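Data block below; observations after.
The values are calculated or read from the model by the stated rules, or taken from the named source; none is laboratory data. The structure displayed is predicted, hence computed values, not measured ones. Please note: Cβ atoms are built from the backbone with ideal geometry, for glycine as well, and neighbour counts cover all protein chains shown.
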């Protein structure tokens, strides 16, 4: 990747760290500015107790506290009071009644005994009724004494004292039966008076002697007691449970707060004010939130590029390219957002979400592409939220994320532009599936025409992503000098002008270049280097030989060797110049720098041994440096491997039917010679990788120069087989 001249000028004045930090700050400002309009509060010109000019919907989901509290109070009010049954209450009341009647009978017996009239229970005329009354009060049940004394008048007690034993027995039976019926149905504390009235009505339905009916009613009311007592603790517990089970009253995003023409009450106005939808309300919170979001995005990018294991120059180029693609995607997003304001529902789904991931995967790598897809999906949730400030659109974020990731995954091969278009079609299919998922999950019913719109949006999104990728790719490749796989494949075509010239003018060199390409590509891939770059570089590495093709042995078919007629110095100049001539031709045809470097570096500063020793044999005073290539030495692993493969192919081809041992020895000697000559000192290839390269070269050469069967010649025509 090359750096743009303008950026080189800026970089020359600034240090790496300062230049990088300025890039991050500039990117943060741009992102904040692009998203600023989408978080800026959108307010309404409304006043209290005025009619709403339009239907006002909630920009986000919120809780209506007042309505929630009202529902809680209603739920608590609906909880019935809990009552606890008093065990033995019926038996206690009947026992009290029985004890009272028994006390009356005992008093009457005692009074008769004193008068000598043991067989007649009627009080004697000589016995004072008041004495019996005193005696009866003394015999009343101790635990109910105060209650009975206060509740039963002396007149009632006297009526009982004058009644016969049969009448009292009948009274006891009637009152006990009726009281039991009422109490078994349950008598609450607050319903005791009603129960007593009910008992009175029941007792009065029976006939009694004299005033005994009044006494029966009084006795029943005294004995009757509640059977159900209010349990405050359990009641409160149930009310708390009912309150806890009340769901908060929530207004969903898009839910109606005020209908068109509806009066804006104080409650509605307070809700609108709390949501920041009233003109006289202002809050910095949306801007602070956006600043935090931008900080997270920039921090993530900073950490990612900080840990990227590439050179500082390449790291900066990656950052600049990534930033430009990111900003372009944001601008496209804003344009789609503006179209959305024309009330075209869900036009956001037409956004080419896969463009960012696809172009970054082609130009850089999968990691950077994947990271930017995640960041872009978060930005889309802000740009396309369609409502007031403070809300985000999760649906469009999911759509953007899956669309972008699928674009990266489906772009399996980056070597042809047709693959990009194919990936765009696959992305469109994924978009359709994701949209179907979102529509069905929402449960909203749509018309057939709306389904068609969504289908069109998904298709346009996927296909436009591939079109934008294909369209922007040449500009980024030219502007940043990026040698993408796609560009390499295009350069490898035999229809390229320089390759056609090489094939026509120097066919032997062309064949040699193809053979070297096979060797170098497999060797590069064995150590993780760029095999495609090595192959294409090999096609062009000897293009300079097309200037004087016959001075190179692979092109000398059935002709005299021109080097036999010239001096070693002339031969040296012709041979050495093919590297610089080739680099000049490649620059003239504007081929990528990586290809030019390979042509210029594939011989490094090696010694042209044949002509050096030839000059020495002629007795000339020669210097070794005069017979060395000008270089530079290989700067990359690809250039180093090509330099080895170039020499190895020529050396092995010079032998007739080389064995595996001879091939292995040749490869080893050539590599050792380059090592000892220091030709690999300026590139990052290791000794371990060189061993792997030697092994790969031997395997490929053994496949090319394997033994062949020698077919017998045909016998003379007249001889029978």
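Taking the range 207-244 on its own, how many of its residues are within 58 Å of the chain's Cα centre (by Cα) and farther than 21 Å from residue 86 by Cα?
6
Residue 526 - would you say it is more than 24 Å from residue 419 (Cβ to Cβ), in contact (Cβ under 8 Å) with a residue 60 or more places away in the chain and touching a helix residue (DSSP H, G or I) at 6+ places or on another chain (Cβ under 6 Å)?
yes
Residue by residue, here is whether (1) in contact with a strand residue (DSSP E or B) (Cβ under 6 Å, 6 or more places away or on another chain); (2) assigned to a helix (DSSP H, G or I); (3) in the same structural domain as residue 693 (by TED's automatic domain parsing) holds:
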site: 466; (1), (2), (3): no, yes, no
site: 469; (1), (2), (3): no, yes, no
site: 482; (1), (2), (3): no, no, no
site: 513; (1), (2), (3): no, yes, yes
site: 528; (1), (2), (3): no, no, yes
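From (1) touching a residue at least 60 places away in the same chain (Cβ under 8 Å); (2) over 30 Å from residue 482 (Cα atoms); (3) in a loop (DSSP other than H, G, I, E, B), pick out the condition that doesn't hold for residue 650.
Looking at each condition in turn, residue 650 falls short on (3).
Give the residue, chosen from 200, 237, 225, that is closer than 18 Å to residue 179 by Cβ and without any contact (Cβ under 8 Å) to a residue 24 or more places away in the chain.
Criteria check complete, one pass: 200.
Given the conditions (1) assigned to a helix (DSSP H, G or I); (2) surrounded by fewer than 16 Cβ atoms within 10 Å (Cβ to Cβ), which single one is not true for residue 557?
(1)
Only one residue in 495, 509 is exposed (fewer than 14 other Cβ atoms within 10 Å of the Cβ), outside the structural domain of residue 336 (by TED's automatic domain parsing) and closer than 30 Å to residue 652 by Cα. Which one?
Exactly one residue qualifies, and that residue is 495.
Report the residue count in the range 608-637 for those that are surrounded by fewer than 17 Cβ atoms within 10 Å (Cβ to Cβ) and either outside the structural domain of residue 673 (by TED's automatic domain parsing) or not in a loop (DSSP other than H, G, I, E, B) (or both).
Of the residues in the range 608-637, 8 are surrounded by fewer than 17 Cβ atoms within 10 Å (Cβ to Cβ) and either outside the structural domain of residue 673 (by TED's automatic domain parsing) or not in a loop (DSSP other than H, G, I, E, B) (or both).
Would you say residue 296 is assigned to a helix (DSSP H, G or I) and over 30 Å from residue 455 (Cα atoms)?
Yes, satisfied.
From 427, 452, grab the single residue that is buried (at least 21 other Cβ atoms within 10 Å of the Cβ), part of a helix (DSSP H, G or I) and either free of Cβ contacts under 8 Å to residues at least 12 places away in the same chain or under 20 Å from the mean Cα position of the chain (by Cα) (or both).
Answer to the check: 427.
Restricting attention to the range 49-78, report how many residues are modelled with pLDDT of 85 or more and not in a helix (DSSP H, G or I).
Summing the residues that are modelled with pLDDT of 85 or more and not in a helix (DSSP H, G or I) in the range 49-78 gives 1.
Against the conditions (1) closer than 20 Å to residue 392 by Cα; (2) at pLDDT 70 or above, where does residue 252 fall short? Just the number, please.
Unmet condition: (2).
For the range 164-202, which residues satisfy the criterion of being in contact with a strand residue (DSSP E or B) (Cβ under 8 Å, 6 or more places away or on another chain) and modelled with pLDDT of 90 or more?
none
Which members of the range 196-205 meet the condition of being farther than 23 Å from residue 140 by Cβ and either surrounded by 15 or more Cβ atoms within 10 Å (Cβ to Cβ) or within 60 Å of the chain's Cα centre (by Cα) (or both)?
198, 202
What's the total number of residues in the range 430-449 that are more than 25 Å from the chain's Cα centre (by Cα) and crowded, with 17+ Cβ neighbours inside 10 Å?
So the count comes out to 0.
Of the conditions (1) touching a helix residue (DSSP H, G or I) at 6+ places or on another chain (Cβ under 9 Å); (2) assigned to a helix (DSSP H, G or I), residue 672 satisfies every one except a single condition; which number is it?
It fails just one condition, (1).
Residue pairs, Cβ under 8 Å, 6 or more apart or interchain, first in the range 556-568 and more than 13 Å from residue 615 (Cα to Cα), second in a loop (DSSP other than H, G, I, E, B). List them.
Correct list of pairs: empty, since none qualify.
Take the conditions within 26 Å of residue 577 (Cα to Cα) and part of a helix (DSSP H, G or I) and apply them to residue 662. Does it pass?
The answer is no for residue 662.
Results for (1) under 60 Å from the mean Cα position of the chain (by Cα); (2) modelled with pLDDT of 90 or more; (3) farther than 26 Å from residue 700 by Cβ; (4) not in a helix (DSSP H, G or I), shown as yes or no for each residue.
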position: 522; (1), (2), (3), (4): yes, yes, no, no
position: 535; (1), (2), (3), (4): yes, yes, no, no
position: 564; (1), (2), (3), (4): no, no, yes, no
position: 569; (1), (2), (3), (4): no, yes, yes, no
position: 582; (1), (2), (3), (4): yes, yes, no, no
position: 590; (1), (2), (3), (4): yes, no, yes, yes
position: 594; (1), (2), (3), (4): yes, yes, no, no
position: 598; (1), (2), (3), (4): yes, yes, no, no
position: 605; (1), (2), (3), (4): yes, yes, yes, yes
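Looking at (1) buried (at least 19 other Cβ atoms within 10 Å of the Cβ); (2) within 26 Å of residue 648 (Cβ to Cβ), which is the only condition residue 514 fails?
(1)
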